[in-house]
1. Starting from a label point 7 Å past Cα on the Cβ side, list the distances from D:Gly97 to the same position in the other copies, nm, shortest first.
2. Report the label-to-label distance for B:Asp96 and C:Lys5 in nanometres (one decimal), using points 7 Å from each Cα along the Cα→Cβ vector.
3. 5 Å is the cut-off here: which amide hydrogens, built 1.01 Å from N in the peptide plane, fall below it relative to C:Lys45, excluding neighbours closer than 5 in sequence?
4. What trypsin sites (Lys or Arg not before Pro) in the range B:100-138 are in a loop by DSSP, with at most 13 other Cβ atoms within 10 Å of the Cβ?
5. When chain A is modelled as a GNM with alpha-carbon springs shorter than 10 Å, which of A:Asp12, A:Asp123, A:Asp41 fluctuates the most?
6. Solvent-accessible area per residue for the range C:30-141 at a 1.4 Å probe radius, Å²?
7. Distances from A:Val81 to the same position in the other copies: list them in nm, one decimal, shortest first, using label points 7 Å from Cα along Cα→Cβ.
8. Obtain the nm distance between the two label points defined at A:Lys32 and B:Glu126 by a simple spin-label model: each point lies 7 Å from its Cα along the Cα-to-C-beta direction.
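The values are calculated or read from the model by the stated rules, or taken from the named source; none is laboratory data. Being a predicted model, the structure only gives us computed values, none of them experimental. Cβ placement follows ideal geometry from the backbone for every residue including glycine, while neighbour counts extend to all protein chains displayed. Note: accessible area is taken over every heavy atom of the protein model, side chains too, but ligands, DNA and RNA are not part of it. Shrake-Rupley method; radii C 1.70, N 1.55, O 1.52, S 1.80 Å.
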Protein chains: 4
Amino acid sequence: MAELKTHKDIDDEAARHILRTASTKARELEAKMNIAVVGADGHLKAFFRMDGAWMGSIDISIKKARTARYFNMPTGEIGNVSQPGGSLYQIEHSNDGLITFPGGVPLKTKDGEVVGAIGVSGDVVEKDHEVASAGAQYLLD
Amino acid sequence: MAELKTHKDIDDEAARHILRTASTKARELEAKMNIAVVGADGHLKAFFRMDGAWMGSIDISIKKARTARYFNMPTGEIGNVSQPGGSLYQIEHSNDGLITFPGGVPLKTKDGEVVGAIGVSGDVVEKDHEVASAGAQYLLD
Amino acid sequence: MAELKTHKDIDDEAARHILRTASTKARELEAKMNIAVVGADGHLKAFFRMDGAWMGSIDISIKKARTARYFNMPTGEIGNVSQPGGSLYQIEHSNDGLITFPGGVPLKTKDGEVVGAIGVSGDVVEKDHEVASAGAQYLLD
Amino acid sequence: MAELKTHKDIDDEAARHILRTASTKARELEAKMNIAVVGADGHLKAFFRMDGAWMGSIDISIKKARTARYFNMPTGEIGNVSQPGGSLYQIEHSNDGLITFPGGVPLKTKDGEVVGAIGVSGDVVEKDHEVASAGAQYLLD
């Protein structure tokens with residue numbers, strides 16, 4: 001039998017550090033965030049709702065992480081082409097709901113392999129994206 | 001162990017008064033409304049469908065109340081930024097369905113603490129919002 | 001054109017009295033109940049979650065009311081035949097979820113016309129049924 | 001206006017400690033667990049999937065936590081009465097899916113106030129329950 005393919009994935013330690021790095025950035029920005037991390041398989045690996053974060057952003061942060069991993073790109077890039085007249089118009093109806101505005105970012109190794117994604121929701125989308133990016137940066141430092 | 005945080009919530013009496021205040025305003029406006037109240041936990045606390053109110057507005061009123069509590073703001077404010085090209089475009093796909101046009105209003109104490117929300121649906125959105133606001137006003141008088 | 005059929009339905013006043021009669025009985029029994037009333041059309045007419053009532057019973061009380069109206073019989077009677085080997089085994093999978101244990105009771109006029117249903121959840125099923133029956137009795141007194 | 005009721009809730013620090021206490025117990029038992037914590041509002045507060053834990057247990061752990069909070073009792077107690085012929089047969093069809101076997105435990109303060117719940121899934125239900133109980137114990141020590 002031929003050798004099966006292998007792929008990398010985040011582990012417990014990486015997940016914890018990504019969560020911590022992101023929540024540290026959130027506190028720096030004085031933002032109350034929901035932070036979700038999915039593994040290489042696209043399923044939830046870790047989640048934290050900071051005190052006072054919007055209840056409605058729990059689901060959004062998880063959907064952002066899933067969306068970013070499902071297509072291996074930042075959620076905002078999908079949103080650019082899901083507008084009326086865009087090539088992926090209404091893609092949000094698939095996969096039990098996608099979120100296509102900024103705040104979801106793929107987790108990549110230095111080699112560029114996607115090993116998961118992080119989704120952040122709780123403030124304006126620029127801050128959501130900044131916090132998610134800070135979390136994703138952990139694997140690159 | 002450190003002390004846990006505490007927060008307020010509406011009780012039976014408040015819920016009944018909010019419902020009554022809102023339905024009185026609805027009759028004033030000659031509008032047939034569905035009126036939903038959720039508690040601080042975002043779950044349904046009280047609901048009333050006035051005689052002749054649209055059947056399709058039952059769910060909308062409940063979703064408006066949930067949406068207003070989930071993000072601690074009037075639903076119409078979310079709708080302003082969920083338009084095509086807006087920063088929260090298609091947010092309605094999250095949380096098993098949000099409603100982002102006017103008619104949902106957070107319930108706040110005089111101190112500004114959010115203790116629930118009210119959602120109203122059954123007429124033009126201006127009237128929906130007016131009735132919801134009348135209900136929310138009860139806690140401030 | 002032939003005359004269309006007419007049917008009776010509960011109105012605002014009846015709904016309010018049914019809710020009040022049921023909650024008075026709940027307090028008598030020292031039970032914290034969720035109480036739902038659906039109209040002749042099977043859609044939610046009124047709902048109240050008493051202070052301290054189980055969060056999980058909100059949905060159950062609504063499903064009990066819906067179930068009782070959908071089949072015009074007390075929910076417990078359906079549960080008798082939805083057991084393993086029973087004639088309606090697994091009927092709970094239909095209609096986006098039914099509840100087939102006691103606590104849902106049709107609302108009938110003195111003439112026997114079904115004009116809605118009441119569903120109660122929050123305590124042992126015997127008390128749930130007793131409170132629902134008290135509410136339904138209002139139309140018969 | 002009368003004073004509103006107040007209640008307690010877990011905060012960031014408590015959630016982190018509960019998660020840590022539970023995962024320490026899981027490692028002691030050599031079990032790979034999904035651990036979910038919901039707040040007093042029944043919504044997700046924190047989640048962690050340990051390396052190698054079953055993918056299918058992500059949702060189960062979250063549903064166990066929700067179920068325990070929705071009814072303020074360990075999930076296994078509900079399962080005792082939701083068996084065929086039991087008083088709550090098929091209750092699992094409510095609330096978008098409940099899990100009624102052991103592994104979900106309410107989080108209580110020393111005064112007995114329910115401030116959330118923990119749900120654990122990934123091994124035999126006895127171990128799931130043991131890990132959840134260890135997490136809940138944190139608030140009592």
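1. The answer, with the shortest distance listed first, is 1.1, 1.3, 1.9 nm.
2. Computed distance between label sites B:Asp96 and C:Lys5 equals 3.3 nm.
3. The answer is C:Val37, C:Val38, C:Gly39.
4. B:Lys110
5. A:Asp12
6. Working: 4110 Å² over 112 residues.
Spelled out: the 1.4 Å probe surface of the range C:30-141, per residue, equals 37 Å².
7. Reported distances to equivalent positions: 2.6, 5.5, 5.5 nm.
8. Using points 7 Å along Cα→Cβ, the separation is 3.4 nm.
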